[in-house]
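Shown next, in structure tokens, is the structure this report addresses.
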Amino acid sequence: MDSPEPKTTKTVSREDVSKESMANSRQVIGINFCGSTPLMWRADELKSARELGIIGTMVGSLARQPRQNTRMGRPLELLPEEGRLLADMGRAAVIPDSTNEDPEVNPEQVEQYHAGLENSFQEQGALALEDRKTTLRRVMTEKHNEGSGRQEDSDGAVRDRLEALDHGFSFPRTAMAVQLCTARAGLSHCPEVHRFLAADWPIPPDERSETRFRVFRDLRRQGFYLTSAGKFGGDFLVYPGDPLRFHAHFIAVCVSMDESMPLCDVLAIARLGSNVKKTVLLCSSGESQEDDGGEVVYTSLQWSGMV
């Protein structure tokens with residue numbers, strides 16, 4: 001008799017994840033980390049996560065349209081609750097980041113890098129000067145065509161202005177365009193910050209994160225889809241189906257059973273929910289925090305006006 005599938009998070013390589021997913025009918029989803037933020041990169045894993053009701057947020061740029069933020073691409077950033085739910089389901093595997101080790105500084109590469117920056121600065125300065133001269137010639141020509149001055153006077157004025165531009169033009173270093181070689185730049189936190197962020201995953205929960213996760217898991221078990229509700233002043237936006245097809249019906253605000261809320265905060269979130277045509281849910285986990293199947297209590301708020 002086969003042993004039950006383990007529900008603990010494990011650290012494997014990308015190749016191991018691929019082999020395991022091929023050998024298993026239930027695909028293991030690989031999760032990378034940027035600091036403490038879980039990310040997903042592979043398109044097939046994004047599709048598998050979507051089928052499990054894991055929505056996340058696209059935070060990458062599109063290769064052919066990098067200078068816009070209307071449509072985003074991979075990676076997919078997960079909520080901590082989404083990553084933890086995948087781990088509890090036995091569907092998540094952490095992909096270790098081999099670039100986290102601090103590379104040794106090569107003085108020769110540093111010298112080449114600074115030399116390249118200086119060459120780039122000189123080239124950009126020459127191009128900026130030439131562009132300024134072209135603009136000056138065009139403006140002076142337009143003024144000559146509009147006026148009635150002699151050609152000789154106009155040519156002399158242009159020469160004088162161009163000579164003054166050669167001697168007085170200065171290209172500031174702050175205006176220099178710099179190419180970021182992200183493949184080798186080692187863009188990461190400093191060693192102290194990296195050691196601080198290099199905690200075990202899932203991150204050890206506190207009371208608030210535990211309440212958020214229990215609420216997230218309970219709503220997912222009921223078939224709802226959830227995304228972040230930061231811009232609505234809550235914890236989760238709750239959808240009756242896939243967010244690509246439905247609008248959110250609820251704003252979930254997670255509070256502990258014994259937590260008190262100021263009346264002004266209750267009125268503010270209820271009024272906000274009414275303005276965006278959503279019902280506010282105050283969600284609290286049951287008293288039995290040790291019980292994995294503890295009940296979640298929901299209280300709905302709707303703004304009906306002042307009495």
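The values are calculated or read from the model by the stated rules, or taken from the named source; none is laboratory data. Everything quoted here is computed from the prediction, not taken from an experiment. Virtual Cβ from ideal backbone geometry, glycine too; neighbours counted across all protein chains shown. Ligands, DNA and RNA are excluded from the accessible area calculation, which covers all protein heavy atoms including side chains. Shrake-Rupley method; radii C 1.70, N 1.55, O 1.52, S 1.80 Å.
Numbers at a glance
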| quantity | calculated |
| --- | --- |
| Odd one out for Arg221 among (1) surrounded by fewer than 13 Cβ atoms within 10 Å (Cβ to Cβ); (2) touching a strand residue (DSSP E or B) at 6+ places or on another chain (Cβ under 9 Å) | (2) |
| Selected residue (only one of Gly116, Gly90 is at pLDDT 85 or above, small (Gly, Ala, Ser), farther than 30 Å from Ala49 by Cα and open to solvent by less than 100 Å² (accessible area, probe 1.4 Å)) | Gly116 |
| Scope the range 18-44; condition outside any loop (DSSP other than H, G, I, E, B), at pLDDT 65 or above and open to solvent by less than 50 Å² (accessible area, probe 1.4 Å); matching residues | Ile29, Gly30, Ile31, Asn32, Phe33, Thr37, Pro38, Leu39, Met40 |
| Qualifying positions in the range 126-143 - of a type in the set (A, V, I, L, M, F, W, C) and in contact (Cβ under 8 Å) with a residue 12 or more places away in the chain | Ala128, Leu129, Leu136, Met140 |
| Leading residue by the ranking (farthest from the chain's Cα centre (by Cα)) among those in the range 203-236 that are charged (D, E, K, R) and closer than 15 Å to Lys278 by Cα | Asp235 |
| Index of the failed condition, Val238 passing every other in (1) part of a strand (DSSP E or B); (2) closer than 12 Å to Glu81 by Cα | (2) |
| Filtered residues of the range 243-266 (kept if of a type in the set (Ser, Thr, Tyr) and either touching a residue at least 40 places away in the same chain (Cβ under 8 Å) or open to solvent by less than 90 Å² (accessible area, probe 1.4 Å) (or both)) | Ser256 |
| Filtered residue count, the range 49-72, keeping only those that are open to solvent by less than 60 Å² (accessible area, probe 1.4 Å) and more than 24 Å from Gly241 (Cβ to Cβ) | 3 |
| Residues being surrounded by fewer than 21 Cβ atoms within 10 Å (Cβ to Cβ) and either under 22 Å from Phe246 (Cα atoms) or modelled with pLDDT of 90 or more (or both) - total across the range 76-87 | 1 |
